[in-house]
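Here's the structure, in structure tokens; my notes come after.
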Amino acid sequence: MRPRVLAALAAALSIALAAPAASRADALVGVGDQQPAMFANPLFVELNIPVVRYIAPYDAMNSGVDARNADAFIRAAQSTGAKVLVAFYHSRMHPERMPSTRAYSLAVRKFIRAFPTVREYQPWNEANRGNVQGLFKSPNPRQAANYYAALRKACTRCTVTGLDLLDGINMAPSLRYLERFQQLARPAPKVWGLHNYSDTNRNSTTRTRQFLRATRGSVWLTETGGIVRFGSNFPGGRRGQLRAATALRLMFKIANSNSRIKRLYIFQWTGSTSRARFDAGLTNLDGTARPGYRIVRDYLGI
């Protein structure tokens, strides 16, 4: 073979090896956040994210502030063409109270009427989280099943996930909650939500595999990602950002390890202040990229 041909082939091979690997995005990649400013960030625009997740109080339409916040996020998302998944949560006004099924139904119907283009919902964010430090409560399995049925009835043409489950270091309580919910939920959900932080941030796949074995249908990792700071186990700073980037690599491997995992929503886009207890941001407060952002960008082949 002629030297020129050999040189050309060597150059082409060098370029191919240097280029980022093509995305194996079997699972659709989305982002969860609460800030509409995310959609104007050039780094977000660069990723061309097709799906996003927003957490709204179940009674958001009874509060001017909550209604305006939801409207701002949903409008900003839809202006970019992103589809919004809304997860309902405890009332910001009365977080210590769990609503009756009727009160929940009336409240979410108001939300659905206000945002007719939103067609993907979750009945309750992290339903199995329980009573958190006396600050707010979460539903027991029967209440969760009732909210699921009420939301399906309120929006018959919507995709409504079953449980939105938090994994936890010890998965046993989560699985017991899931089993009881399955006994009560009718019809059986076709889509499930899982927050698998413990797996992605502890170099494990066990909890996600347990959840898959315990359910049927599609699974969306509705909150996942790399924790930068969370208590004493996950100190922040630069080391926290690098540790979170490593967790994001595992997140993608887990998502593509099983064809039933159809989506993942990375939480969160914007990092928190140094005083915040939890931080999993892909970007800093000033909108600049953290190492985790580059992991996502490279995975998507951008």
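Here are a few things to note about the model shown:
- Selected residue (criterion: nearest to Ala280 (Cα to Cα)) from residues of the range 151-168 that are over 18 Å from the mean Cα position of the chain (by Cα) and open to solvent by 40 Å² or more (accessible area, probe 1.4 Å): Arg152
- Within the range 23-34, residues that are over 10 Å from Phe267 (Cα atoms) sit with their Cβ atoms under 9 Å from residues that are surrounded by fewer than 21 Cβ atoms within 10 Å (Cβ to Cβ) and at pLDDT below 80, at 6+ positions apart or across chains, in these pairs: Val29/Ser23.
- Here Arg239 passes the criteria (1) surrounded by 20 or more Cβ atoms within 10 Å (Cβ to Cβ); (2) in a helix (DSSP H, G or I) except the one numbered (1).
- A search for C-beta distances below 9 Å between a residue of the range 84-109 that is part of a loop (DSSP other than H, G, I, E, B) and any residue that is open to solvent by 30 Å² or more (accessible area, probe 1.4 Å) and acidic (Asp, Glu), counting only pairs 6+ apart in sequence or on different chains, returns His90/Glu96.
- Considering residues of the range 270-294 that are out of contact with any Ser or Thr (no Cβ under 7 Å at 6 or more places or on another chain) and buried (at least 21 other Cβ atoms within 10 Å of the Cβ) only, the residue nearest to Arg229 (Cα to Cα): Ala280
- Which numbered condition Ala185 misses (of (1) among the small types (Gly, Ala, Ser); (2) out of contact with any helix residue (DSSP H, G or I) (no Cβ under 8 Å at 6 or more places or on another chain); (3) surrounded by 18 or more Cβ atoms within 10 Å (Cβ to Cβ)): (2)
- Scanning the range 210-223 for residues that are open to solvent by 20 Å² or more (accessible area, probe 1.4 Å) and either touching a residue at least 12 places away in the same chain (Cβ under 8 Å) or of a type in the set (Asp, Glu) (or both) yields a total of 5.
- Qualifying residue in the range 247-264 (condition: within 19 Å of Arg297 (Cα to Cα), in a loop (DSSP other than H, G, I, E, B) and without any contact (Cβ under 8 Å) to a residue 60 or more places away in the chain): no
- Failed criterion for Ala72 (all others in (1) of a type in the set (A, V, I, L, M, F, W, C); (2) open to solvent by less than 50 Å² (accessible area, probe 1.4 Å); (3) touching a strand residue (DSSP E or B) at 6+ places or on another chain (Cβ under 9 Å) hold): (3)
- Which listed residue, of Ile302, Ile227, is modelled with pLDDT of 95 or more and either open to solvent by 60 Å² or more (accessible area, probe 1.4 Å) or touching a helix residue (DSSP H, G or I) at 6+ places or on another chain (Cβ under 7 Å) (or both): Ile227
Quick grid of which residues meet (1) touching a residue at least 40 places away in the same chain (Cβ under 8 Å); (2) touching an Asp or Glu at 6+ places or on another chain (Cβ under 8 Å); (3) not in a loop (DSSP other than H, G, I, E, B):
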| site | (1), (2), (3) |
| --- | --- |
| Gly134 | no, yes, no |
| Tyr148 | yes, no, yes |
| Glu179 | no, no, yes |
| Gln182 | no, no, yes |
| Pro189 | yes, no, no |
| Leu194 | no, yes, yes |
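The values are calculated or read from the model by the stated rules, or taken from the named source; none is laboratory data. A quick note: this is a predicted structure, and the numbers were derived from the prediction, not measured. Here the Cβ is made from the backbone with ideal geometry for all residues, glycine too, and neighbour counts use every protein chain on show. Accessible surface is based on the protein model in full, side chains and every heavy atom, while ligands, DNA and RNA are left aside. Shrake-Rupley method; radii C 1.70, N 1.55, O 1.52, S 1.80 Å.
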